[in-house]
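Following: one structure in structure tokens, then a few remarks.
The values are calculated or read from the model by the stated rules, or taken from the named source; none is laboratory data. These numbers were taken from a predicted model, which means no experiment stands behind them. For neighbour counting, all protein chains shown are included, and Cβ atoms are generated from backbone atoms with ideal geometry for every residue, glycine included.
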Amino acid sequence: MKAPRWRIRGEWQDSCSCDIGCPCTFDQLPTLGYCQGLLAYHIEKGNFGEAGHWVVGYVFDEKANSEQREALRKIFMGEAGGRFGMLRPLIAKVVGIEYAPIVWRHDRQRWGIKIGENTQTKSGVYRGLDVPKGGEVKVINAPVAEGGIGMPITMGQTFMSRIKLFSFEFVWSSRNSKFGPMDISGP
């Protein structure tokens, strides 16, 4: 059965164990040889119808109704094709799906997310020697673009990341973070 056309738009952010300037963005190996992190999508508008061995878990906002929960499950688990369908062969194990209160924070210079009581990230724009005050380091047309093909990526750094979801537990700071708009569709 062919999946119906779908599209999601909004923003995304991540916080991961890679060095600032995440090599994964450029289709290179993660800094440590593996990646631990949180990739979050904030869906503002969407419709559904009218490298391997990844271990993942999905947390959706508890405010989603049953129809929205099923649509999100199909999209993010790759059953509806598109970008997430292409990533599906990389996933070796799904450790679970949970529903929790999610608080999304973003302004031009800082971003973060809080999921339940045990997971929180605080990140902001990367400030290098030649980045002017109020400026941002942006990547356009990255080989790996979490927000969709051609969408800009703001490079940042994690000030604090505490992740405790499913069997994952990570704590770090001064590591990579990215943020950007998203517009992704399928199949």
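A few comments on the model shown:
- Taken together, the criteria exclude A51 from residues that are at pLDDT 90 or above, of a type in the set (A, V, I, L, M, F, W, C) and not in a strand (DSSP E or B).
The rows are residues; the columns are (1) modelled with pLDDT under 90; (2) surrounded by 17 or more Cβ atoms within 10 Å (Cβ to Cβ); (3) within 19 Å of G82 (Cα to Cα).
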{"residue": "D130", "(1), (2), (3)": "yes, no, no"}
{"residue": "K133", "(1), (2), (3)": "yes, no, no"}
{"residue": "I149", "(1), (2), (3)": "yes, no, yes"}
{"residue": "Q157", "(1), (2), (3)": "no, yes, no"}
{"residue": "M160", "(1), (2), (3)": "no, no, no"}
{"residue": "F170", "(1), (2), (3)": "no, yes, no"}
{"residue": "S177", "(1), (2), (3)": "no, yes, no"}
{"residue": "D183", "(1), (2), (3)": "no, no, yes"}
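- Region 74-121, residues that are within 16 Å of A40 (Cα to Cα) and of a type in the set (S, T, N, Q): N118, T119, Q120, T121
Yes/no per residue for (1) within 11 Å of S15 (Cα to Cα); (2) in a strand (DSSP E or B); (3) not small (G, A, S):
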residue	(1), (2), (3)
W104	no, yes, yes
G112	yes, yes, no
L129	no, no, yes
G150	no, no, no
V171	yes, yes, yes
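- Checking each residue in region 5-36 for being assigned to a strand (DSSP E or B) and at positive phi picks out only G10.
- Within region 2-54, if we keep just the residues that are under 22 Å from W172 (Cβ atoms), surrounded by 12 or more Cβ atoms within 10 Å (Cβ to Cβ) and among the small types (G, A, S), the residue that is farthest from the chain's Cα centre (by Cα) turns out to be G21.
- Qualifying residue in region 118-126 (condition: part of a strand (DSSP E or B), of a type outside the set (K, R) and at positive phi): no
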